[in-house]
1. With among the hydrophobic types (A, V, I, L, M, F, W, C), touching a Ser or Thr at 6+ places or on another chain (Cβ under 6 Å) and surrounded by 15 or more Cβ atoms within 10 Å (Cβ to Cβ) as the only criterion, which of 59, 47 stands out?
2. Quick one: is residue 112 in a helix (DSSP H, G or I), over 21 Å from the mean Cα position of the chain (by Cα) and under 23 Å from residue 139 (Cα atoms)?
3. Could we say that residue 76 is more than 18 Å from the chain's Cα centre (by Cα), modelled with pLDDT under 90 and closer than 25 Å to residue 145 by Cα here?
4. So which residues in the stretch 9-48 are assigned to a helix (DSSP H, G or I), over 15 Å from the mean Cα position of the chain (by Cα) and not β-branched (Val, Ile, Thr)?
5. Check off (1) more than 28 Å from residue 15 (Cβ to Cβ); (2) surrounded by 15 or more Cβ atoms within 10 Å (Cβ to Cβ); (3) without any contact (Cβ under 8 Å) to a residue 12 or more places away in the chain for residue 71 and give me the number that stays unchecked.
6. State whether the residues of the stretch 11-25 include one that is surrounded by fewer than 15 Cβ atoms within 10 Å (Cβ to Cβ) and either touching a Ser or Thr at 6+ places or on another chain (Cβ under 6 Å) or touching a residue at least 40 places away in the same chain (Cβ under 8 Å) (or both).
7. Among the numbered criteria (1) part of a helix (DSSP H, G or I); (2) without any contact (Cβ under 8 Å) to a residue 40 or more places away in the chain; (3) over 25 Å from residue 106 (Cβ atoms), which single criterion is violated by residue 51?
Amino acid sequence: MTIPSLALFGYMVVLLAPLKAGIGVTPAVIALVIYSFLPVIRNTVVAVNSVDPRMIEAAKGMGMTNRQILWKVEMPVAVPTMLSGIRSSATINTGTAAIAASIGAGGLGEIIFTGLRMTRGPMIIAGAIPVTLLAVAVDIILGLSEKALTSKGLRT
């Protein structure tokens with residue numbers, strides 16, 4: 001998340017130019033996938049590392065192998081935090097995707113950028129409101145999915 005999204009889109013345009021895919025949807029999708037890695041990976045690592053050491057010790061005492069401990073103890077406990085990272089990433093990327101219009105990817109960002117160029121406030125709002133509603137809807141849907149996928153005993 002330390003790389004500004006517009007800069008990442010710019011890098012993708014330059015890197016994909018030799019492949020004749022420098023402008024449009026392809027660099028936007030690749031940039032958004034790269035941009036989504038950090039919250040997902042960070043939350044996954046934090047989740048697995050924050051499993052109570054006593055649980056791991058108990059699993060070892062029961063004779064579990066390291067692989068069994070990972071899949072039967074650490075991962076189930078880490079799932080809510082991992083899903084939270086996916087949720088954050090999807091919500092952030094929904095808003096960031098609007099910026100992809102700056103490299104020819106189209107979408108609702110096209111309306112926003114056209115409004116900015118023409119200094120038309122209503123046009124900017126006409127693009128910004130759907131993007132905002134879409135981001136909120138993605139967050140709500142993934143939040144409900146997160147609750148459905150995690151058992152009651154593991155929810156915090």
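The values are calculated or read from the model by the stated rules, or taken from the named source; none is laboratory data. Remember, predicted model here, so these are calculated numbers, not experimental data. Positions of Cβ are generated from backbone atoms using ideal geometry, with glycine treated the same way; all protein chains shown enter the neighbour counts.
1. On the way: 59 fails: touching a Ser or Thr at 6+ places or on another chain (Cβ under 6 Å).
Result of the check over 59, 47: 47.
2. Working: in a helix (DSSP H, G or I): yes; over 21 Å from the mean Cα position of the chain (by Cα): yes; under 23 Å from residue 139 (Cα atoms): yes.
So residue 112 fits the description; yes.
3. Spelling it out, residue 76 is indeed more than 18 Å from the chain's Cα centre (by Cα), modelled with pLDDT under 90 and closer than 25 Å to residue 145 by Cα.
4. Hits for the stretch 9-48 are 9, 10, 11, 12, 15, 16, 17, 18, 19, 27, 47.
5. Residue 71 satisfies all of (1) more than 28 Å from residue 15 (Cβ to Cβ); (2) surrounded by 15 or more Cβ atoms within 10 Å (Cβ to Cβ); (3) without any contact (Cβ under 8 Å) to a residue 12 or more places away in the chain except (2).
6. Yes; the residues of the stretch 11-25 include at least one that is surrounded by fewer than 15 Cβ atoms within 10 Å (Cβ to Cβ) and either touching a Ser or Thr at 6+ places or on another chain (Cβ under 6 Å) or touching a residue at least 40 places away in the same chain (Cβ under 8 Å) (or both).
7. Every listed condition holds for residue 51 apart from (1).
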